[in-house]
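First the structure, in the form of structure tokens, and then the observations on it.
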Amino acid sequence: MYWRRVRMIVITAILLFLAAKGAYDILHPPRAPAATDNANAKDAPVIPESRKGAENYAVYFTHFWLTGNLEEAKKFAAAGFDPPPFGNPRKVENIIAWDMRSLGEEKVTVTVRALLDEGQIVYLSVPVTVRQNRFGVIGLPTFVPEPTPAEAPKEKSLPQVTDSSTTRAARSLVDSFFRQYTKGTPQDLALLFSDSQPRRVLSPSLKAEYEGLERIEVSQSESDQLHIVARVRLTIDGEAVPQSFEFQAEKSGNRWLIKKTIPEIPRE
């Protein structure tokens, strides 16, 4: 009887403690973690789901702002931002989102390319806020210089093949690939790949013709692995079109077969 009373007292005390703790947590919730500093958030990746919305707001705002339709432009402005008019309205022939960069968790800048009357091309940087999948332009579009293209990456050079028989085999493999790619079937193309999987060929509607190799470079990373860079001549609908392909080939018995192509050819 004594131990039963002790057990009841202990259980009651535990329940009272848990109830008190729950009430304390409600009245004094734990502090949220500090927000990330903006300097560290500048390189935060743009959420793919938000990209299109931000681009649309930037493009529509800029279009209406340039053409002098301020009332329509304001529909794409964030609450609290009252944009002034552009000035002399311009006719916009074409306008697209050109680039987008994150400036933090709730701010991006969208570069817009606009083709104006008389063929003038301009680029503008438009700041847009992104908050819970809602968007709004928060500043005037700023004219910026035309973006410069990036430099092509320098590829790591591999030792060139000096064995003439290997070079001939690589040329033959590339020739066979393009003949089947332009005029063959997926099953024909499968015979040239090490996995024997059919791959899609060019559509007959393109009327593609293989005219031959212009240049080929054959490197060897290992004794049974080749890296081939080929530039070929094709005609598409009667028009000459140079094409560049890369091949990774591997040896199977006495034959060289394609392991991978760049661009990749989808399987059938």
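Put a dot 7 Å past the Cα of Ile121, heading toward its Cβ, do the same for Arg255, and the two dots end up 4.8 nm apart. The simple Förster model, with R0 at 25 Å and r as the Cβ-Cβ distance, assigns Glu71 and Arg101 a FRET efficiency of 0.30. A 1.4 Å probe run over the protein chains yields, for segment 84-174, 68 Å² of accessible area per residue, whole-number rounding. All other residues whose Cβ lies under 15 angstrom from that of Gln120 are scored, Lys and Arg at +1 and Asp and Glu at -1, for a net of -1. Taken over segment 164-262, the percentage of Cα pairs per 5 Å bin, counting from 0 up to the bin with the maximum distance, is 3, 13, 24, 25, 19, 10, 4, 1, 0.
Near Ile138, once Lys and Arg are set to +1 and Asp and Glu to -1 for all other residues with Cβ below 13 Å from its Cβ, the sum equals +2. In segment 48-144, the portion of solvent-accessible area held by carbon and sulfur atoms comes to 47 percent [1.4 Å probe, whole percent, DNA, RNA and ligands not counted].
In order along segment 71-81, phi translates into HN-Hα couplings of 4, 5, 4, 5, 5, 10, 8, 5, 4, x, 9 Hz, rounded to whole numbers, per the Karplus curve 6.51 cos²θ - 1.76 cosθ + 1.60 with θ = phi - 60° and x for Gly and Pro.
A straight line joining the Cα centroids of segment 221-268 and segment 189-219 runs 7 Å.
The mean sequence distance of close C-alpha pairs (under 8 Å, at least 6 residues apart), as a share of the length of segment 170-220, puts its relative contact order at 36 percent. Using a cut-off of 24 Å between Cα atoms, the listed pairs Lys183/Lys259; Lys207/Lys259; Lys154/Lys183; Lys52/Lys260; Lys207/Lys251; Lys52/Lys154 include Lys207/Lys259; Lys154/Lys183; Lys52/Lys260; Lys207/Lys251; Lys52/Lys154 as exceeding that distance. In this structure, the amide hydrogen of Val144, modeled 1.01 Å from its nitrogen in the peptide plane, lies closer than 5 angstrom to those of Tyr123, Leu124, Ser125, counting only residues at least 5 positions away or on a different chain. For the pair segment 116-147 / segment 60-83, the C-alpha centres are spaced 11 Å from each other.
Contact order, relative form, for segment 106-195: 16 percent (alpha carbon pairs under 8 Å, 6 or more residues apart, mean separation divided by residue count). The residue list Ala114, Val130, His63 was ranked by how far each Cα lies along the charge dipole of segment 48-144 toward its positive end, using unit charges on Cβ atoms, and Val130 comes out on top. A probe of 1.4 angstrom, applied to the heavy atoms of all protein chains, finds Arg200 with accessible area near 130 square angstrom. Gain on full extension, evaluated as 0.36 nm per residue between Arg215 and Lys91 minus their Cα-Cα distance, stands at 39.9 nm. Ligands, DNA and RNA left out, the 1.4 Å accessible surface of segment 164-262 is 43% carbon and sulfur atoms. Placing pseudo-labels 7 Å out from each Cα toward the beta carbon at Glu146 and Val241 gives an inter-label distance of 2.6 nm.
The values are calculated or read from the model by the stated rules, or taken from the named source; none is laboratory data. Here the structure is a predicted model, which means the values were calculated and not measured. Virtual Cβ from ideal backbone geometry, glycine too; neighbours counted across all protein chains shown. The accessibility values were calculated without ligands, DNA or RNA, using every heavy atom of the protein model including side chains. Shrake-Rupley method; radii C 1.70, N 1.55, O 1.52, S 1.80 Å.
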